[in-house]
Amino acid sequence: MFAQLPERQMHWVRWILTIGWLLVIASLFYDPWTAALTEPDHPWSPLRISGECVQVQGNCLVEQPYPLGATLFWGAIVPSGILILLVFGHELWRRICPLSFLSQIPRALGWQRQFKRENKKTGKVRYELAKVKSDSWLGRNYSYVQFGWLFVGLCGRILFFNADRLILGLWLLFTIAAAIAVGYFYGGKSWCQYFCPMAPVQTIFSEPRGLLGSKAHVSEQRITQSMCRTVLPDGNEQSACVACQSPCFDIDSERTYWDELNKPEESLIRYGYVGLVIGYFVYYYLYAGNWNYYFSGIWNRDPNQLAALMNPGLYVFGNVINIPKLFAVPLVLGGSTAIGYIIGKFIEKRAKSYSRQHHAMNPDTVRHRIFAICTFGIFNFFFFFAGRPLLRLTPLWVQFGFDVSIVFLSTLWLQQTWRRNPDLYSRESLASRFRKQLEKLQLDVSQFLEGRSLDDLHANEVYVLAKVLPGFTREKRHEAYKGVVREALEEGYVNTSSSLEVLQQMRQELGIPDDEHREVLEELGIEDAELLNPHHQRTLENQIRLSGYQKSLERLMRLQQRQPDLATFDPSQQDSATIRSLRREYSITQQEEDWISSGFAPEVGEVQKAEVLLARLSEWVACDRAFSHLTLHEHQAVLTLLRESVQRKQELIVRSLLETLTTLQDNPNAIAIAQSLKQRSPQLVADYLNREHWQNHLHPEIVQSLTQPEEPLTNSLEFSTQETLSYLEILLQHYNPLVKAAALYLIAQLDSERVQTIAPELRYESHPLIRETAEQLLSLPPSPPLTAFPTLEKLVYLFNSDFFHRIQTETLMALGDRAEVKTYSTGDVITEAGDTCRELLLLLEGDASIHYQLADGVRVERLHPGQTLDELEVLTHSNSENTIIADSEKTRILAISVDAFDDLLDHDPDFARRILELESQQLQRLVKSGQGRIQGT
């Protein structure tokens with residue numbers, strides 16, 4: 001709601017509130033005027049002293065006229081902050097908080113601590129802004145620091161500065177000085193993120209989001225919620241994020257909430273805060289022996305607060321307990337915090353146990369809802385006390401309206417928060433990304449939306465729309481999903497290992513198998529290898545930081561050149577100083593600067609990308625040639641599987657290089673790249689140019705370089721066993737478990753000692769096929785045959801059959817699990833004409849023949865390994881029309897039952913589509929052969 005209010009207006013609001021707060025602090029030191037409003041004989045002031053006897057430990061307190069600074073601060077300013085957090089969320093509070101505003105003074109003045117960084121190779125010196133490291137002690141324990149400071153602050157209120165204006169003023173000035181000092185020592189909003197004692201209160205009342213808070217994860221705006229921003233001279237706003245914390249509460253509070261939900265400090269903050277607040281208000285009763293002491297507000301103007309530090313701190317049931325107040329306060333507040341934490345953990349444990357037994361909901365939702373109940377309860381408890389001494393001075397209808405409003409607003413918040421869960425957040429977030437990809441495809445969706453736009457659709461509606469769009473083909477579905485995965489990886493929302501699980505629900509909605517997800521990762525890895533680099537930690541915060549620096553740099557360049565061409569930028573001395581300042585402000589490293597600079601000269605970046613792709617293409621071509629090792633010729637079935645995987649890599653690289661060449665067009669380097677590409681992979685280049693419309697997009701000179709005839713390269717280089725092994729070991733990192741198992745098997749054929757080193761590490765792989773293969777290799781003698789690996793053998797032959805070629809690996813494994821190997825001898829009948837066809841047969845080893853019963857006799861057709869038998873009869877559930885007989889001493893058949901086949905057809909649409917295509921092709925062949933025989937007669 002308030003996230004999109006102009007920063008210029010909010011800047012003035014912050015100034016007004018900050019000046020007002022500083023005036024309140026100044027009044028704590030000098031205020032000769034407001035005490036008159038509390039005089040007993042004041043004619044109209046509701047704040048005048050009533051003369052009522054307020055007892056503390058059995059004695060009446062003597063009241064005197066008092067200035068109103070402390071009363072307003074504790075009775076109005078502090079409670080209003082809590083109300084703002086729950087109703088409007090942190091996106092308003094963090095944009096108007098005076099303390100946060102003051103902590104940015106060093107940044108505004110350019111006085112912030114910096115670290116000197118020197119490039120040892122070039123000697124170039126640069127300065128980076130100091131930030132709290134996530135792996136430092138403070139980065140790991142800041143939640144405890146903030147909660148500890150909050151605890152000290154509440155104890156200090158009761159002991160020192162509830163009523164003593166001088167101590168309160170000094171405490172507030174000390175806090176301001178600390179905030180400014182943190183602003184000097186660390187960049188960004190480090191005070192708010194790592195030190196502020198109000199931060200735990202903010203997370204409790206404004207997470208996952210305030211009642212009127214916005215949803216950052218579905219927003220089309222680049223600047224969300226309360227994230228740091230700056231106003232440019234032209235009035236536009238730009239991110240000023242320096243990624244001081246990740247995940248960042250200011251960018252997306254709900255994302256931060258779900259990411260940190262199960263951290264142990266969350267239990268202390270949520271449950272401990274409930275106990276702390278209850279203990280704080282109950283202490284007034286335990287100290288005075290009655291509630292009138294608190295509700296009269298006399299605690300806020302007690303002139304003897306400091307003098308009572310060593311007096312008895314507890315008065316229970318009319319009895320004084322001689323524990324000095326200085327020690328009683330932390331004991332009571334610490335005890336209540338501990339009790340709140342223990343009770344909260346106990347309730348959570350019992351609730352999760354009950355949920356597991358009754359399969360009610362997942363543990364994260366249980367914990368979230370307990371947190372929501374705690375927030376709802378403590379919010380209402382807080383406002384039963386907070387501000388009450390001032391509220392009691394108003395008419396009864398005002399008090400009643402205030403109480404009803406508090407309950408009403410908190411109930412609405414609870415209802416909104418109750419429905420949230422991590423899966424819903426993820427679903428909405430992914431649907432938002434998917435919506436963007438649909439918009440990029442420029443599909444005509446107007447006829448389905450009845451005047452609405454894509455932005456108006458809920459998550460479920462977006463997925464339903466994708467299912468009914470006539471133009472949303474399988475290829476476009478693949479491209480849209482690929483765009484979602486790319487964006488999720490760039491923002492650090494997922495990584496390569498977590499993406500399969502996190503995006504599972506989306507794949508189910510779109511009918512995308514897991515294998516296609518792995519193919520998408522493979523394609524993205526070819527297009528941008530850094531995207532899948534496990535050592536390159538990507539986060540949304542870093543992406544925003546780099547984007548902010550890039551936009552600042554673009555603006556500076558345009559101002560200097562007065563034109564959009566940024567490639568020839570030559571900064572002046574003043575501009576160079578500005579650029580150095582921007583680097584410090586955004587903490588830009590040399591590597592990040594190089595990456596951003598390449599974006600200003602796209603052709604340079606494309607040339608560098610092409611060079612990397614050519615080098616990788618050379619590696620995969622060499623890998624393909626290494627499979628020509630003589631020892632591997634005996635294992636053609638396994639070798640074919642691996643060759644296809646390697647060729648798939650080459651196809652992706654060639655396609656990516658062709659796309660790069662379409663971008664470069666007449667760039668001087670394009671011809672050399674095209675020649676290198678043609679030299680490395682002439683056959684694939686020719687196939688692509690003939691199969692697709694690349695010639696229409698490429699520059700004519702490039703097309704000529706790619707199509708001109710040349711002498712084929714003869715490569716007589718023979719690869720050694722060690723070189724071949726090194727390429728096979730590369731395939732052990734492949735995403736496809738079948739490829740990994742096949743590579744492991746061939747390693748065992750080349751070097752039995754090497755496989756004894758590798759296999760133990762693979763026994764703990766997550767996929768059962770790899771575990772099973774590794775364990776069998778450890779127990780079998782050297783160079784075992786493929787028949788010693790029943791599961792792998794079935795999968796290899798299924799993969800190599802025309803009928804199941806290029807079927808998704810998951811479907812292939814499901815078939816393998818339900819298939820059975822049968823062995824026959826010469827003359828054995830495999831199937832007989834007239835039998836009900838109950839199995840689809842695949843010839844693994846040996847020979848067989850089909851005996852066709854024709855009008856003029858019997859026609860015999862020889863079968864060879866890899867061919868499928870009775871596939872039409874299986875699909876039509878009909879009887880076998882021919883007899884199949886084994887022709888060799890050992891004929892092995894892989895049999896797949898009709899029921900298993902039908903189940904896979906029902907549950908895998910891609911498999912069903914593939915089978916229909918294959919059978920259509922076979923029927924066409926049969927029809928043509930029949931026509932040929934008729935014409936021959």
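The values are calculated or read from the model by the stated rules, or taken from the named source; none is laboratory data. Just so we're clear, the structure is a prediction, and the values are computed from it rather than from any experiment. Virtual Cβ from ideal backbone geometry, glycine too; neighbours counted across all protein chains shown.
Residues R616, R655, R643, R580: which one is part of a helix (DSSP H, G or I) and modelled with pLDDT of 90 or more? Break it down stepwise before answering.
Details: R616 fails: modelled with pLDDT of 90 or more; R655 fails: modelled with pLDDT of 90 or more; R580 fails: modelled with pLDDT of 90 or more.
Exactly one of R616, R655, R643, R580 is part of a helix (DSSP H, G or I) and modelled with pLDDT of 90 or more, namely R643.
When you check I770 against the structure, is it surrounded by fewer than 17 Cβ atoms within 10 Å (Cβ to Cβ) and among the β-branched types (V, I, T), yes or no?
Details: surrounded by fewer than 17 Cβ atoms within 10 Å (Cβ to Cβ): no; among the β-branched types (V, I, T): yes.
The answer is no for I770.
Is there a residue in region 101-114 that is closer than 19 Å to P200 by Cβ, touching a residue at least 40 places away in the same chain (Cβ under 8 Å), surrounded by 15 or more Cβ atoms within 10 Å (Cβ to Cβ) and touching a Ser or Thr at 6+ places or on another chain (Cβ under 6 Å)?
Scanning region 101-114 turns up no residue that is closer than 19 Å to P200 by Cβ, touching a residue at least 40 places away in the same chain (Cβ under 8 Å), surrounded by 15 or more Cβ atoms within 10 Å (Cβ to Cβ) and touching a Ser or Thr at 6+ places or on another chain (Cβ under 6 Å).
Among the numbered conditions (1) in contact with a strand residue (DSSP E or B) (Cβ under 8 Å, 6 or more places away or on another chain); (2) without any contact (Cβ under 8 Å) to a residue 12 or more places away in the chain, tell me where G187 comes up short.
(2)
When you go through S100, S45, S27, S80 one by one, which is the residue that is in the same structural domain as K189 (by TED's automatic domain parsing) and part of a loop (DSSP other than H, G, I, E, B)?
Numbers: S100 fails: part of a loop (DSSP other than H, G, I, E, B); S27 fails: part of a loop (DSSP other than H, G, I, E, B); S80 fails: part of a loop (DSSP other than H, G, I, E, B).
When all the criteria are applied, what remains is S45.
Restricting to region 373-395, what's the tally of residues that are of a type in the set (A, V, I, L, M) and at pLDDT 95 or above?
Count: 2.
Tell me which helices (runs of 4 or more DSSP H) are completely within region 235-328 and hold 1 or more residues being over 29 Å from L85 (Cα atoms) and within 51 Å of the chain's Cα centre (by Cα), or say none if there are none.
264-288
Determine if region 136-143 includes at least one residue that is assigned to a loop (DSSP other than H, G, I, E, B), touching a strand residue (DSSP E or B) at 6+ places or on another chain (Cβ under 9 Å) and surrounded by fewer than 19 Cβ atoms within 10 Å (Cβ to Cβ). So that I can check it myself, show each step before the final result.
Initially, region 136-143 is screened for residues assigned to a loop (DSSP other than H, G, I, E, B), giving 136.
Retained after the next criterion (residues that are touching a strand residue (DSSP E or B) at 6+ places or on another chain (Cβ under 9 Å)): none.
No - not one qualifying residue is present in region 136-143.
Return a yes/no flag: does region 11-21 have any residue that is closer than 19 Å to D164 by Cα and in contact (Cβ under 8 Å) with a residue 12 or more places away in the chain.
yes
Within region 679-701, take every residue that is of a type in the set (D, E) and assigned to a helix (DSSP H, G or I) and give me the one that is farthest from E611 (Cα to Cα).
D687
What are the pairs with Cβ atoms under 7 angstrom where one residue, in region 691-713, is at pLDDT below 80 and the other, located anywhere, is among the β-branched types (V, I, T)? Sequence gap at least six, or different chains.
What qualifies is Q695/V703.
Would you confirm, using the coordinates I've provided, whether R538 is crowded, with 17+ Cβ neighbours inside 10 Å, part of a helix (DSSP H, G or I) and touching a helix residue (DSSP H, G or I) at 6+ places or on another chain (Cβ under 8 Å)?
So R538 fails the test.
Within region 374-405, take every residue that is without any contact (Cβ under 8 Å) to a residue 60 or more places away in the chain and under 36 Å from the mean Cα position of the chain (by Cα) and give me the one that is surrounded by the fewest Cβ atoms within 10 Å (Cβ to Cβ).
Looking at residues that are without any contact (Cβ under 8 Å) to a residue 60 or more places away in the chain and under 36 Å from the mean Cα position of the chain (by Cα), I get N380.
Any idea how many residues of region 321-334 are without any contact (Cβ under 8 Å) to a residue 60 or more places away in the chain and surrounded by fewer than 17 Cβ atoms within 10 Å (Cβ to Cβ)?
6
What about A637, is it of a type outside the set (D, E, K, R) and crowded, with 16+ Cβ neighbours inside 10 Å?
Numbers: of a type outside the set (D, E, K, R): yes; crowded, with 16+ Cβ neighbours inside 10 Å: yes.
So A637 fits the description; yes.
Quick check on region 849-871. Is at least one of its residues crowded, with 16+ Cβ neighbours inside 10 Å, at pLDDT below 75 and not aliphatic (A, V, I, L, M)?
Looking for residues that are crowded, with 16+ Cβ neighbours inside 10 Å, at pLDDT below 75 and not aliphatic (A, V, I, L, M), one finds at least one in region 849-871, hence yes.
Would you say Y194 is outside any loop (DSSP other than H, G, I, E, B), within 29 Å of the chain's Cα centre (by Cα) and touching a residue at least 24 places away in the same chain (Cβ under 8 Å)?
yes
Is it true that G169 is buried (at least 19 other Cβ atoms within 10 Å of the Cβ), among the small types (G, A, S) and not in a helix (DSSP H, G or I)?
Against the criterion (buried (at least 19 other Cβ atoms within 10 Å of the Cβ), among the small types (G, A, S) and not in a helix (DSSP H, G or I)), G169 does not qualify.
Go through (1) on the phi > 0 side of the Ramachandran plot; (2) among the small types (G, A, S); (3) surrounded by 15 or more Cβ atoms within 10 Å (Cβ to Cβ) one by one and return the number of the condition G318 breaks.
(3)
May I ask you to list the residues in region 483-493 that are surrounded by fewer than 20 Cβ atoms within 10 Å (Cβ to Cβ) and within 16 Å of T256 (Cα to Cα)?
Within region 483-493, E491, G492 meet the criteria.
Out of region 842-861, which residues are of a type in the set (A, V, I, L, M), in a strand (DSSP E or B) and farther than 11 Å from R892 by Cβ?
If the condition is that a residue be of a type in the set (A, V, I, L, M), in a strand (DSSP E or B) and farther than 11 Å from R892 by Cβ, then I850, L854, V858, V860 are the ones that fit.
Does F448 satisfy the condition of being in the same structural domain as E501 (by TED's automatic domain parsing) and either surrounded by 19 or more Cβ atoms within 10 Å (Cβ to Cβ) or closer than 22 Å to E509 by Cα (or both)?
Yes.
One residue is enough: does region 600-612 have a residue meeting the conditions modelled with pLDDT of 85 or more and within 15 Å of L684 (Cβ to Cβ)?
No, there is no match, as no residue in region 600-612 is modelled with pLDDT of 85 or more and within 15 Å of L684 (Cβ to Cβ).
Could you tell me whether E91 is of a type in the set (D, E, K, R) and under 29 Å from T394 (Cβ atoms)?
It is false that E91 is of a type in the set (D, E, K, R) and under 29 Å from T394 (Cβ atoms).
Of the residues Q808, Q749, which single one is of a type in the set (S, T, N, Q), over 23 Å from S888 (Cα atoms), touching a His at 6+ places or on another chain (Cβ under 7 Å) and surrounded by 14 or more Cβ atoms within 10 Å (Cβ to Cβ)?
None of the others qualify; the one that does is Q749.
Which residue pairs have Cβ atoms under 7 Å apart, sit 6 or more places apart or on different chains, and have a first residue in region 123-137 that is in the same structural domain as Y186 (by TED's automatic domain parsing) and a second that is among the basic types (K, R) and assigned to a loop (DSSP other than H, G, I, E, B)?
A130/R113
Yes or no: region 59-70 includes at least one residue that is assigned by TED's automatic domain parsing to the domain that holds P324 and in a helix (DSSP H, G or I).
yes
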